[in-house]
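Read through the structure below, which is laid out as structure tokens, and then see the notes.
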Amino acid sequence: MATITADVAVAERTGNVTTDGGERDAVARDDDKGIPRFFYAAAAALILSAIQGVVQRLPGISDWLLNADYGGHMVTNLAHTHITIVGAGTISLTGLIYYVLPRVTKRPLFSSTLTNISFWCTILGVFGFYCSMLGIGIYEGAMVHAGWAYDAARDYLGAWHKLPMALTAAVMGIGYWTFVTNVYVTVGRASGERKIWPDKGPSNAEMLLAKFFVVGATGLLFGTIQGVYQVMPWSLDWLHATGTAGQMIDPMAHAHMNLVGGVSVALMGLLYYFVPKMLNRPIYSMKLGVFSFWCIVIGVFGFYFTAIGLGWAEGQMILDKGVTDEAAKASMGIWHPLLLSTAASIMGLGFWSFITNMLMTLKQKVAPGAPPDGTIVWFIGFSTIAILTGTIQGVLQTLPFIDEWLEEAAPSGYFVTPLAHAQLNMVGFVIVSLSTMMVFLLPRLLGKPATFPKSGRRALAVMAAGVACTYLVYFGLGLLESIQIHNGLTPDQAQLAVAGKWGRYALIIAAQGILGLGYILLFRHISSVIGRELIRAYWARLRGRIGEALSNSARIHPRALPTSLGQARFRAIVSALFEFVFLGLGWFFSGRPFIGTLMFTLGAFYLTIVYGIFALAGNLGPFLGVLIFYLAMLLFSALWSYTTYMHDATEQLAEKEA
């Protein structure tokens, strides 16, 4: 990375790179070193999204998933949405915030160590959670197709249904919580310095952007804490037993806080920062920016706590009194719709004032001094139009008569909401705008010329076309088929009447294919800008550091060094046998306390936390898998302990004799 920093410095002196208005200083540059890896990982997540998006719509597979009960839902909705929005969206979002935050606070990030921890834990958690959900969904779906009722299949798996998601969600939570800590402390210190030295600290406009990031981080904090808690066995059972009341907590409140309170709010702050850089013009109205900020904050958290409160109260009523979900909802009277609609209206004001501010800013022509690649700002315009259309549709489809009309046209009404609606809000707004900012920023991070290569423009254009096509296909098919269902046709007859069975498949696959192609082109563009040499050097350096750390940790403490090879062999064998008693004991016995502590902690975690979760699940499920995994850990650790001890003992004894 030192080479990259040097290249940036040379490029800035020679004028081959356009920086952020000359504000890139040495402190901020140090925080920029690891940001390209966030963009690479986010683009890799989009590759998975592209592949799954097409595969799950293929003939045969789509029907299999549709008839797989909740297992199919875990694959098509939960897993796919997770890798797209959480995987690509939040990973790129955190990278962009790590870039902007030092510039708006006028101070470095609080901790580069927390940055590394947040990156790797988020990566491991996101991709692990995705694989867990995908695998469990397919397995349970196969059991349903084999004749099992879904509840019976889930109960048979027992803790294996819950454990992988609980563990990976916890790792992902650590990634988010370290990110949140970095944001909180960085902004807190900047705020404190601003009070002491008001002339040297960030301006009011810069602090407003920092507040967007603080609120966004808080939204992710709330969402991840809830996410970790609700994958615990008792919480999963409660949510499953309370029906639509539980659905107000998850997915409604949970998705709302993650996507709106976390991603969308932070994304607004990023757009307020980057759009003026692209246009070389200021935001239309900072007063409108302040207004949008406070409306969003009040609306987002008001809606979240209202949904949580109503869901919990109605859910407890369903369980305690044995009433239906409709009766529980009716018992709340006017308060149920009034509280939700009031919070949603305030939140809507925040969104629409932000959209107005953004459109009025984009209405201005690109200034003469704008960077050569600033014309990609029009893709931000596309994403703004997408969120405008999405919010208008969101308001309309919550109206009682429209909501009931779509519900009565199930499953075709499902194409209108949530599928078409989600395409605008989650992909059209979040993914397209984040991708545009990544394409704009990446060459500046790497000290490369700030021109706009055709590959980046092509990727964004195909993505935008894919979003538009997917929305029109979902909305058009859903609306036309719903009309046919209300005219008396069955869902199958409605599908045949509108586009025919194969025509329907062709339209959906083509639209998803265009969007997936955009994702693939984006990954190729980001990979080419970073360059193969830099990617290989990064992985080689990472492997070297890990190997060096493990090698140093595996060295025998001088006080525990054997006096002969015979004694070394005896201790190595005894240490390996101790390792079969409990993880870590052999390492302690052989004088390697650091790895001993790590292995002991791993063993204690497995036996307490894992078995605790299994016990709380009330069903161990396939117990043999648990035993085999634990024995494999013991065997691996024992062999590693023996071989590293003999290698280091032989080496140190030879050095002494020499």
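The values are calculated or read from the model by the stated rules, or taken from the named source; none is laboratory data. No experiment lies behind these values; they were computed from the predicted model shown. Cβ placement follows ideal geometry from the backbone for every residue including glycine, while neighbour counts extend to all protein chains displayed. The area values use the complete protein model at the heavy-atom level, side chains included, leaving out ligands, DNA and RNA. Shrake-Rupley method; radii C 1.70, N 1.55, O 1.52, S 1.80 Å.
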Legend entry - Extension gain from SER111 to SER528, taking 0.36 nm per residue of separation minus the Cα-Cα distance: 147.2 nm
Legend entry - Most to least accessible of CYS121, CYS469, CYS131 (protein chains only, probe 1.4 Å): CYS131, CYS469, CYS121
Inset, instruction - Let me know the shape class of the range 437-569, please: from the alpha-carbon gyration tensor, a ≥ b ≥ c as square roots of the eigenvalues, rounded when a/c is under 1.5, otherwise prolate if a/b is greater than b/c, or oblate. - result: oblate
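Out of all Cα-Cα pairs in the range 230-356, roughly what percent, to the nearest whole number, are more than 17 Å apart?
Working: 4985 of 8001 pairs.
Result for the distance tail: 62 percent.
With a 1.4 Å probe and all protein chains left in place, how much of the accessible area of the chain comes from carbon and sulfur atoms, in whole percent? Could the numbers behind the result be given before it?
Working: 19640 of 28870 Å².
Looking at the chain in its full context, I get 68 percent from C and S.
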Inset, instruction - At 1.4 Å probe size, with no ligands or nucleic acids counted, give the accessible surface of HIS421 in Å², nearest ten. - result: 40 Å²
Legend entry - Translational diffusion coefficient (Stokes-Einstein; Kirkwood radius from C-alpha pairs) of the chain at 25 °C, 0.890 mPa s, in µm²/s: 90 µm²/s
Inset, instruction - Would you be so kind as to identify all helices of the chain, as entire DSSP H runs, whose Cα atoms reach 27 Å or more along the helix's own axis and whose mean Kyte-Doolittle hydropathy is at least 0.0? - result: 35-55, 112-145, 159-196, 204-230, 286-321, 335-363, 377-397, 454-486, 501-530, 623-657
Legend entry - Accessible area per residue in Å² at 1.4 Å probe, computed on the chain: 44 Å²
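Under a 1.4 angstrom probe, counting protein chains only, how are LEU472, LEU134 ranked by accessible area, largest first?
On the way: LEU472 115, LEU134 40 Å².
Of LEU472, LEU134, the descending order of accessible area is LEU472, LEU134.
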Inset, instruction - Taking DSSP loops as anything outside H, G, I, E and B, show the longest stretch in the chain free of trypsin sites (Lys or Arg not before Pro) there with at most 13 other beta carbons within 10 Å. - result: 366-658
Legend entry - Normalised contact order of the chain, rounded percent, pairs of Cα under 8 Å and 6 or more residues apart: 16 percent
Inset, instruction - With all protein chains present, calculate the accessible area of PHE582 using a 1.4 Å probe and round the result to the nearest 10 Å². - result: 40 Å²
Inset, instruction - Give me the accessible area of THR84, 1.4 Å probe, in Å² rounded to the nearest 10. - result: 10 Å²
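So what's the back-of-envelope 222 nm ellipticity for the chain, counting only DSSP H runs of four-plus at -39500 (n - 2.57) apiece and dividing by all residues, rounded to 500? Before the final figure, lay out each step's value.
Details: 28 runs with 486 residues, N = 658.
Calculated mean residue ellipticity at 222 nm is -25000 deg cm²/dmol.
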Inset, instruction - Could you order ILE546, ILE526, ILE334, ILE535 by accessible surface area, starting with the largest, using a probe radius of 1.4 Å? - result: ILE334, ILE546, ILE535, ILE526
